[in-house]
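The values are calculated or read from the model by the stated rules, or taken from the named source; none is laboratory data. All figures in this text were calculated on a predicted structure; none of them were measured in a lab. Cβ placement follows ideal geometry from the backbone for every residue including glycine, while neighbour counts extend to all protein chains displayed.
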Amino acid sequence: MALVRWDPFRDLVTLKERMDRLFEDTFARSRSIEESLAPGSWSPPVDIYETDENIVLKAELPGIERKDITLEVKENILTLKGDRKFEKEVKQENYHRVERSYGSFQRSFSLPSNIKRDRVEAEFKDGILEVTLPKAEVAKPKQIKVEVK
């Protein structure tokens, strides 16, 4: 059996790490409720994909009404703004856990220059916002025949 040298500071370091974790967990829980209610503390998840004709953006916006969503295309930037209001039916003190995020959000996306801005369409259904950005037809390169003389 090998002898292990006793180090009294090792036990103190272990105790300190345990206490740090305890305080971090306790304060993180109380902060998470306050932060989730703070405005601008969240942003909706977004999928963006491209087809031959369009660029499509889909954003998850459950619990948000159409009137609380703003969509703008300006100088090749698509900006999505909105606000999810906290439900006032239950007093804040009565909540055991608040995991959903509330407040206003804003997301901006750079667009390629070949988007037809005047033909952008948006549809909001079942908490999903789908924005269709049609592409302008790109000028195809013209091949020039070189004659030999």
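Hey, K145 hits all of (1) in contact (Cβ under 8 Å) with a residue 24 or more places away in the chain; (2) assigned to a loop (DSSP other than H, G, I, E, B); (3) not aromatic (F, W, Y) but one; which does it fall short on?
With (1) in contact (Cβ under 8 Å) with a residue 24 or more places away in the chain; (2) assigned to a loop (DSSP other than H, G, I, E, B); (3) not aromatic (F, W, Y) applied to K145, the lone miss is (1).
Where in region 1-76 are the strands (runs of 3 or more DSSP E), entirely inside, with at least 2 residues that are exposed (fewer than 13 other Cβ atoms within 10 Å of the Cβ) and modelled with pLDDT of 75 or more? Talk me through it step by step, then tell me what you get.
Details: elements: 46-50, 54-60, 69-74.
Of the strands (runs of 3 or more DSSP E) lying wholly inside region 1-76, those with at least 2 residues that are exposed (fewer than 13 other Cβ atoms within 10 Å of the Cβ) and modelled with pLDDT of 75 or more span 46-50, 69-74.
Scan region 93-122 for residues that are modelled with pLDDT of 90 or more and surrounded by fewer than 10 Cβ atoms within 10 Å (Cβ to Cβ) and report the count.
1
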